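Everything on this sheet refers to the single structure shown next.
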Amino acid sequence: QTERLLKMTLEERRKEYLGDYVALKTIPTWMEDLKSKSESDGENSKEDLQGKKSLSEKVSLYRGDITLLEVDAIVNAGRWLNIL
């Protein structure tokens with residue numbers, strides 16, 4: 001089963017989904033979210049965002065049912081955080 005899925009294109013995989021899904025490309029990055037909020041507030045926070053740029057361009061925050069995300073795996077790392 002795993003090998004079959006790995007050989008599929010994204011479009012082929014999407015045909016296998018049983019219901020609705022959330023594509024990752026539709027979730028804005030932290031930076032995009034901050035920019036849209038500052039624009040809607042009428043603020044010019046370009047200087048404030050400069051220091052956060054590297055991390056905020058890579059991280060997205062999602063609030064919703066994570067089982068609907070179009071990802072290969074969902075991992076619970078809570079146990080490992082206790083060890084660190």
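Numerical summary
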| read-out | value |
| --- | --- |
| Only one of GLU3, GLU39, GLU11 that is open to solvent by 100 Å² or more (accessible area, probe 1.4 Å) and at pLDDT below 85 | GLU39 |
| The range 2-16 residues that are closer than 13 Å to VAL71 by Cα, paired with ones that are open to solvent by 80 Å² or more (accessible area, probe 1.4 Å) (beta carbon under 8 Å, 6 or more apart) | LEU5/GLU16; ARG14/TYR21 |
| Hits in the range 17-26 - residues which are without any contact (Cβ under 8 Å) to a residue 24 or more places away in the chain and open to solvent by 100 Å² or more (accessible area, probe 1.4 Å) | LEU18, LYS25 |
| Checklist (1) assigned to a loop (DSSP other than H, G, I, E, B); (2) modelled with pLDDT of 85 or more applied to LYS58, failing item | (2) |
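Residue-wise test of (1) touching a strand residue (DSSP E or B) at 6+ places or on another chain (Cβ under 8 Å); (2) open to solvent by less than 100 Å² (accessible area, probe 1.4 Å); (3) at pLDDT 85 or above; (4) over 30 Å from LEU6 (Cα atoms).
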position	(1), (2), (3), (4)
PRO28	yes, yes, yes, no
GLU43	no, no, no, yes
LYS46	no, no, no, yes
LYS52	no, no, no, yes
ILE66	no, yes, yes, no
TRP80	no, no, no, no
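The values are calculated or read from the model by the stated rules, or taken from the named source; none is laboratory data. This structure is a prediction, so every number in the text was calculated from the model and none was measured. Note: ideal-geometry Cβ built from the backbone for every residue, glycine included; neighbour counts use all protein chains shown. Accessible surface areas use protein heavy atoms only, side chains included; no ligands, DNA or RNA. Shrake-Rupley method; radii C 1.70, N 1.55, O 1.52, S 1.80 Å.
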